[in-house]
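Heads up, the thing below is written out as structure tokens.
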Amino acid sequence: MMGEHGIQSWCSISEGRVMLNEQLLHEAPSPDFREVMRSTYKALGIEHAKFHKMDPLSKLAFLTAEVILGEAKRAGSFSQETALVFANHSSCIDSDRKYQQSLDDPGNEWPSPAVFVYTLPNICLGEISIRHQLFTESCFFIAKEFDPATMNRYADPLLQAGIAQQVLCAWVEKNDDHYTSFAYLLDRADPGTARDAMLLKTKKEQ
Amino acid sequence: MVDVRLSFSNTITALGADVRSVFQALSDGRTGLQKCSGWERLDMPLCFSRIEDSLLQDRYHAAGGEPGKTRLEQMMIASLHDVIQRSGVKLDARTGLIIATTKGNIDALAKASEFPAGRAELVELGEQVVSHFGIPNTPVILSNACVSGLLALVVAKRFIENGTYDHVLVTSGDLLSEFVLSGFNAFQALSAEPCRPYCAHRKGINLGEAVASALVTRDASLFSDDNMRLAGAGSCNDANHISGPSRTGEGLFRSINLAMQEADVTPDDIQLISAHGTATLYNDEMESIAFQRSGLSHVPLHSLKGYFGHCLGAAGLLETLIAAQCLHQGRTIPSAGFAELGVSQPLNVITKAGDAEMHRFIKTASGFGGCNTAVVFERPGA
């Protein structure tokens, strides 16, 4: 099919395990979300003070992007012309609940702007754009389940039109105890060999 | 290149329940903003716009609406119904649906809500709308802060260009809620007086409630008399701050450039800027810099926030529909609340309603997360 682009690399964070291209990059001491975020941040050797202020969804999205874009930087294939196409099921429900609780708490005079700002799912795209200096298109979709076909239908034309050289597509879901992320990097120069078969396989594993 | 048009449309706001009557209200200088002494548990002076309950009930009833829907679902169903009826678009596999919203049914999370908290899920909002119309395709739900309504048109354009759909119905809407009002208040961004975009005396934002919907299509048999060509689009991040506008207007500047490049136009080809203009100090300043860098400082410009307030996810599409009417009716709408320029770069702010022949306008929007979107619209035959 015309206009498909190949997957340069992919990664996931799920059940305490951080995977990069089918290699185990890091395993957290426990699958508890906070522990996974803390230990992954440390294992990746990042210094980004703002990380600690982020809401759970932004942390998950940030680290997922860090794994895959960090690898691209090491390999010399990173492009600042990387667009972000992200999606999930639950939007930023953890921050929505936290903010609503602060509204409902009679002892709380005034809810915090620092919590409110994270009650938008696309904030995580801003965090990633700041970190990697991406002045590119970024889009956050909500879907019932991870659907790479729809993501690719949106990403391919960005590459075809030259709006982006690469597109980072990601499913980043965080709702209470449940978290999972899966990201893959599409490259303009790479013909899309076996892309759909690979995505179908990973979708079943999600 | 596929010729994609913004065709039949509808909006429901404090100023009416269709685009022409809302445009007429603006031409008559009416505003939808009202001053209040509070809202729900917020006990403080506020200024906002809100759809009249009786108007919404009437429109929802006309759409054959069943009981058990939330206010936002009623807004979207009533608005989409009007577009579907007047356009006659078939709701089959070739017709997509995009729902754009920043906070959806967020009021369902409140303890006082008659709906379960699960109704706040945006996926659930999509199912409620789709099941009303029997739309066979899964809706595409877009939540990109305050650029959502405008970005939805860009997404629709791309899905038509790449052959995914022939037609896309877009609906964008957000509620006036305690959740969002209190949040903007926590940012100290709210003005208790009608807002004054770009003015030296501006004190902040007013929030508003609206829904806006449109049919985007490549099928000439479905073009409305007042259709507009989606000539070019750009959407770029500031990569600077998650809640503050860029000091250089970088993302908006890049978005405008991409949109003008794709439309193959120069600043002299554009006769109107329908700007975002929220009337916060930093947003309006950022826009003036981006417009100056883009060579657009001389182009007549308005913000419509002084009529509707900031309608969040609906703002971009609502304001696009009004600008399209400006071009088709040859009338300019002044930027309400403006008295004296209060930004560092020159702007040609429209202060009086008048007649003008206009061929193209550019619509811009910016939002939290550093997102920006710009779209060039062209009047066919111009």
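Only the coordinates and a few stated rules stand behind these numbers; no lab work does. Predicted model only: the values in this text are computed from it and were never measured. Note that each Cβ is placed from the backbone with ideal geometry, even for glycine, and that neighbours are counted across all protein chains shown.
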Cα long-axis angle, helix A:33-43 against chain A (0 to 90 degrees, to the nearest 10): 60 degrees
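Any idea what the dipole of chain B comes to, in debye rounded to 20, about its Cα centre with Lys/Arg Cβ at +1 and Asp/Glu Cβ at -1? Can you show the working numbers first?
Values: 31 positive and 40 negative charges, 66 e Å.
Its charge dipole is roughly 320 debye.
Can you give the net charge of the other residues whose Cβ lies under 11 Å from the Cβ of residue B:245, counting K and R as +1 and D and E as -1? Spell out each step's value before the answer.
Numbers: positive: B:247; negative: B:238, B:250, B:284, B:285, B:287.
Summing Lys/Arg as +1 and Asp/Glu as -1 gives -4.
Normalise the Cα radius of gyration of the protein assembly as shown by 2.2 N^0.38 Å (N = residues in it) and let me know the number. Mind showing how you got there, number by number?
Numbers: Rg = 22.4 Å, N = 588, 2.2 N^0.38 = 24.8 Å.
Taking the Cα Rg and dividing by 2.2 N^0.38 Å, one obtains 0.90.
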Convex hull per residue volume in Å³, alpha carbons only, for the range B:4-61: 132 Å³
Using a Förster distance of 56 Å, the FRET efficiency for residue A:189-residue B:200 (Cβ separation, nearest 0.05): 0.65
Antiparallel bridges, percent of DSSP beta bridges restricted to the protein assembly as shown (to nearest 5): 70 percent
Paramagnetic label zone (point 7 Å from Cα along Cα-to-C-beta, residue B:344; backbone N under 19 Å) in the range B:243-281: B:243-254, B:277-281
Considering only chain A, percent of DSSP beta bridges that pair antiparallel, nearest 5: 70 percent
Radius 14 Å from Cβ of residue B:75, net charge of other residues (Lys, Arg +1; Asp, Glu -1): -4
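Roughly speaking, what is the stretch gain from residue B:27 to residue B:297, that is 0.36 nm per residue apart minus the C-alpha to C-alpha distance, in nm to one decimal?
Working: separation 270, 0.36 × 270 = 97.20 nm, distance 2.41 nm.
Here the segment from residue B:27 to residue B:297 would lengthen by 94.8 nm.
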Chain B - share of DSSP beta bridges that are antiparallel (%, nearest 5): 65 percent
Dipole moment magnitude, nearest 20 debye, the protein assembly as shown about Cα centre, only Lys, Arg, Asp, Glu C-beta charged: 580 debye
In Hz, Karplus ³J(HN,Hα) per residue of the range B:193-209 (6.51, -1.76, 1.60; θ = phi - 60°; x = Gly, Pro): 9, x, 6, 9, x, 6, 7, 4, 9, 5, 10, x, 9, 10, 9, x, 10
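If you average 1/r across every pair of different Cα atoms in chain B and take the reciprocal, what Kirkwood value do you get, in Å? Could the numbers behind the result be given before it?
Numbers: mean 1/r = 0.0493 Å⁻¹.
In chain B this quantity evaluates to 20.3 Å.
Based solely on its DSSP helices, what 222 nm [θ] is calculated for chain B when runs of n ≥ 4 H residues each add -39,500 (n - 2.57) and the sum is averaged over all residues, nearest 500 deg cm²/dmol? Don't jump to the answer; show the numbers that get you there.
Numbers: 10 runs with 117 residues, N = 382.
The helix-only estimate for chain B comes to -9500 deg cm²/dmol at 222 nm.
For residue B:29, what is the net charge nearby, where nearby means another residue's Cβ is under 15 Å from its Cβ and Lys, Arg count +1, Asp, Glu -1?
Values: positive: B:30, B:331, B:352; negative: B:28.
Result for the neighbourhood of residue B:29: +2.
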Spin-label model distance (nm) - residue B:52 vs residue B:1, 7 Å beyond Cα toward Cβ: 4.3 nm
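Eigenvalues of the Cα gyration tensor times 5, then square-rooted: what semi-axes does that give for the range A:1-96, in whole angstrom, largest first? Don't skip to the end; give the middle numbers.
Values: eigenvalues 107, 59, 41 Å².
Working through the eigenvalues yields semi-axes of 23, 17, 14 Å.
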For the range A:123-171, alpha-carbon Rg relative to the globular expectation (2.2 N^0.38 Å, N residues): 1.18
Length gained when the stretch residue A:50-residue A:24 is fully extended (0.36 nm per residue, less Cα-Cα span): 6.7 nm
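Which whole number in µm²/s is D for chain A by Stokes-Einstein, with the Kirkwood Rh taken over Cα pairs at 25 °C and 0.890 mPa s?
On the way: Rh = 17.4 Å.
Answer, rounded: 141 µm²/s.
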With Cα atoms, 0 to 90° folded angle of helix A:93-104 axis to chain A main axis: 20 degrees
Ellipticity estimate at 222 nm from DSSP helix runs (n ≥ 4, -39,500 (n - 2.57)) divided over chain A, nearest 500: -12000 deg cm²/dmol
